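What follows is a short report on a single structure.
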Amino acid sequence: MKQYRIDFFLALAVFVAALAVRVVIAAPVFAGDTRFIIGDDDDYYNIAISLITSGTFGINGSPTAYRMPFFPLFLAFWHLLLGPQPYAPLLVMLVFGSLIPLGSYILGRYLADRSVGMIAGLLLTFDKDLIFYSRLYMTETMFCLLILASMLATWRLRVTLAWGWAVVVGLTLGCACLTRANFLPFVAVLLLWLLWLRRDRLRLALRNAATIGLIVGAIWVPWVVRNYLVFHQLIPFTTQGGYAYYGLYNDAAVLPGERYGVWIWLGVNPPQEPGKVWDEATLDGYHRDLAFQWISAHPAESVKVALMQIYYFWSNEDAGSYLRAVVVGLPTLIILAVSWRYPDMLLWLALALTMTLLALISVGQARYAFPLRPILAVSTAMALSAATRMLSRWRKRGVVTEGPA
């Protein structure tokens, strides 16, 4: 019981520290600076308010499928309780953002020990990117938290095979699939990993995999049906795929310079045709066609642009975060995963590979890699802990000696 009490207080300390830091950084918003500063955040706010005022998932009175639905629904719930003013649920958002360092402490604690958990939790407590995005109407914080929660629940499911944990995994994965587009393929990876790892109890593993799949499907399918009823097209995710592809595969994106292959906004007015109605879905298809035409005409450049998405996915303007995540954390994750000593590390590595592949075939940006920050913080902490132990052993053996007085 004493050990659990220590873990509780350490986890609470990480959470309180993370929340305090985020509240301080968000002070201008609490003081009345409620501007939207990213470009996507106003969409999420407007959809949330539309849901409250008219019951329509839309922007400016028109139904939309341009954004995935879970985060706007989350915002709508809290705005309904706290009022329609921008950033009315800011404190709630900061609390959810502070759960990421807390979850990272738990992740490090079960993979290694308390010291690793504390280092990982503190690394994310002071992570500049996570702090910045925790105060924005953007999906990054929610998506990162949902992935972390689903992976922690998957660990408990792997160990216990309890059906209740399968339900938790299904709910968190389902909500994650409705938070960011294109995440659904990882669900299949997770189910295959679970079946393979617990093939010794195959009947229970099949039951749990079926439970997860059914729950994810029950959460995701209504969104697809709604889109078909509204737009009369099969839209499994969003109507921004065409804009995403054409923002990469165009002449402007391949101009020489350090921003080669970076996504840019290019909205093209389509040709006016008699009887042709251009709505959100048909415009998406039009831009997708333009992108594929450019790819067909520029195959070599298209390969370069696609490969650059991997670079942008793993790059970071903050040198400290880049050093921790890519130079130390990622190699350590790979080494620990392939050593087979940490089966959950293997699933995290599969997540990293899946997300990298999705960046390759879509758009790569550093913020899309936020869900990997917890495990990279843990693997970094494990590397630091191992280096400290090794140095201590060397000192004891006299390999490292103090210089003359």
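Where a number appears in this text, it was derived from the coordinates with a stated rule and is not lab data. None of the values given here were measured: they were computed from a predicted structure. Methodologically, a virtual Cβ is constructed for each residue, glycine included, from the backbone with ideal geometry; neighbour enumeration extends over all protein chains shown.
How many residues does the stretch 231-261 contain that are surrounded by 18 or more Cβ atoms within 10 Å (Cβ to Cβ) and not small (Gly, Ala, Ser)?
13
Report the residue count in the stretch 53-77 for those that are outside any loop (DSSP other than H, G, I, E, B), crowded, with 16+ Cβ neighbours inside 10 Å and over 20 Å from the mean Cα position of the chain (by Cα).
4
Consider the stretch 295-313. How many of its residues are under 22 Å from the mean Cα position of the chain (by Cα) and either loosely packed, with under 12 Cβ neighbours inside 10 Å or among the polar types (S, T, N, Q) (or both)?
Total meeting the criteria: 1.
I need the full set of residues from the stretch 226-237 which are in a helix (DSSP H, G or I) and under 25 Å from the mean Cα position of the chain (by Cα), in order please.
Within the stretch 226-237, Arg226, Asn227 meet the criteria.
Look through the stretch 7-38, keep the residues that are charged (D, E, K, R) and assigned to a helix (DSSP H, G or I), and return whichever of them is nearest to the chain's Cα centre (by Cα).
Within the stretch 7-38, the match that is nearest to the chain's Cα centre (by Cα) is Arg22.
Return only the number of the condition from (1) over 15 Å from the mean Cα position of the chain (by Cα); (2) part of a helix (DSSP H, G or I) that Pro86 does not satisfy.
Of (1) over 15 Å from the mean Cα position of the chain (by Cα); (2) part of a helix (DSSP H, G or I), only one is false for Pro86: (2).
Condition check ((1) assigned to a helix (DSSP H, G or I); (2) closer than 30 Å to Leu197 by Cβ; (3) β-branched (Val, Ile, Thr)) across all residues:
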| site | (1), (2), (3) |
| --- | --- |
| Arg324 | yes, yes, no |
| Thr332 | yes, yes, yes |
| Leu349 | yes, yes, no |
| Val363 | no, no, yes |
| Phe370 | yes, yes, no |
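So Ser98 clears everything in (1) in contact with a Phe, Trp or Tyr (Cβ under 8 Å, 6 or more places away or on another chain); (2) among the hydroxyl-bearing types (Ser, Thr, Tyr); (3) over 30 Å from Asp113 (Cα atoms) except one condition, right? Which one?
Against the list (1) in contact with a Phe, Trp or Tyr (Cβ under 8 Å, 6 or more places away or on another chain); (2) among the hydroxyl-bearing types (Ser, Thr, Tyr); (3) over 30 Å from Asp113 (Cα atoms), Ser98 comes up short only on (3).
Tell me the residue from Gly241, Gly247, Gly261, Gly213 that is in contact (Cβ under 8 Å) with a residue 40 or more places away in the chain and touching a Ser or Thr at 6+ places or on another chain (Cβ under 9 Å), please.
Answer to the check: Gly241.
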